[in-house]
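Every number in this text was worked out from the coordinates using simple rules, so none of it is lab data. All values derive from a computational prediction rather than experimental measurement. All Cβ positions, even for glycine, are placed from backbone atoms using ideal geometry, and neighbour counts span all protein chains on display.
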Amino acid sequence: EVIDRNVNILMPAPHESNQFGHIRSYQQSGKPNFIDCGPRQITGLHNDGREFPMELAVAKVGRHGKREFVGIARDISDRLKTDKALRQQNELFNAALDNMSQGLCMFDGEQRLIVCNERYASMYGLKFEQVTPGITLRQIIAYRIENGLYDYESPDDYIKEKLNWAS
């Protein structure tokens, strides 16, 4: 349905005129606006008249000595719905985490902190701002040793004792 038709049939007003304005501006100045700058989100127009969120990437191509443009358009409705649902789940998770009376943390396989609550930080004598994602368990232990909260020479001494205790 779109072959040999103007691309503006895919966009509602005023977006369709903006696309050509960007292309004309690029052709005149040579300075990228959204051409060759990666995808951006705009509003698309379905053939039944419904508007939907669309990702559009436009690049210049040379063909037969003539400068032309190629566009890739993608309906991102499902992705935006998924993103919204994930944000809502994260908000619920963070609310539950923040309201726990116990300290809770999660580390990845490399002992880097993924998430923790404020109670966890205070249990270890840390300010919540110090316990950022990516900090290692070794760094947390080192901080406690430096501040006299553990009576060990190094994080390794602490870890060796805990591993011996657990076995």
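To the nearest 0.05, how large is the calculated FRET efficiency for E110 and A59 if R₀ is 30 Å and r is the Cβ-Cβ distance? Calculated transfer efficiency: 0.20. Remark: the stretch 94-167 carries a charge dipole of roughly 140 debye about the Cα centre, counting +1 on each Lys and Arg Cβ and -1 on each Asp and Glu Cβ. If only the Cβ of Lys and Arg carry +1 and only the Cβ of Asp and Glu carry -1, the dipole of the stretch 39-167 around its Cα centre is close to 880 debye.
Counting only aspartates and glutamates at least 8 places from K66 when in the same chain, those with an alpha carbon closer than 19 Å to its own are D4, D36.
Ordering of 135-148, 59-72 by packing is 135-148, 59-72, highest average first (other Cβ atoms within 10 Å, averaged per residue).
Once you treat every alpha carbon in the stretch 53-167 as an equal point and sum by Debye, what is log10 I(q)/I(0) at q = 0.10, 0.13, 0.18, 0.23 Å⁻¹? Each listed q corresponds, in turn, to -0.55, -0.69, -0.99, -1.27.
Sequence-ordered 3J(HN,Hα) estimates for the stretch 124-133 from the Karplus curve with 6.51, -1.76 and 1.60 and θ = phi - 60° stand at 9, x, 10, 7, 4, 5, 7, 9, 9, x Hz, glycine and proline given as x. Across the stretch 86-93, rounded Karplus estimates of 3J(HN,Hα) from the backbone phi angles (6.51 cos²θ - 1.76 cosθ + 1.60, θ = phi - 60°) give 5, 4, 5, 5, 5, 4, 5, 4 Hz, Gly and Pro being marked x. Each peptide among 115-121, 7-13, 105-111 gets the average number of other Cβ atoms lying within 10 Å of its residues, and from highest to lowest they stand as 115-121, 7-13, 105-111.
Rounded to the nearest 0.05, the FRET efficiency derived from the C-beta distance between L149 and N90 at R0 = 25 Å is 0.20. Model label sites at E1 and V70, defined 7 Å from Cα along the beta-carbon direction, differ in position by 2.5 nm.
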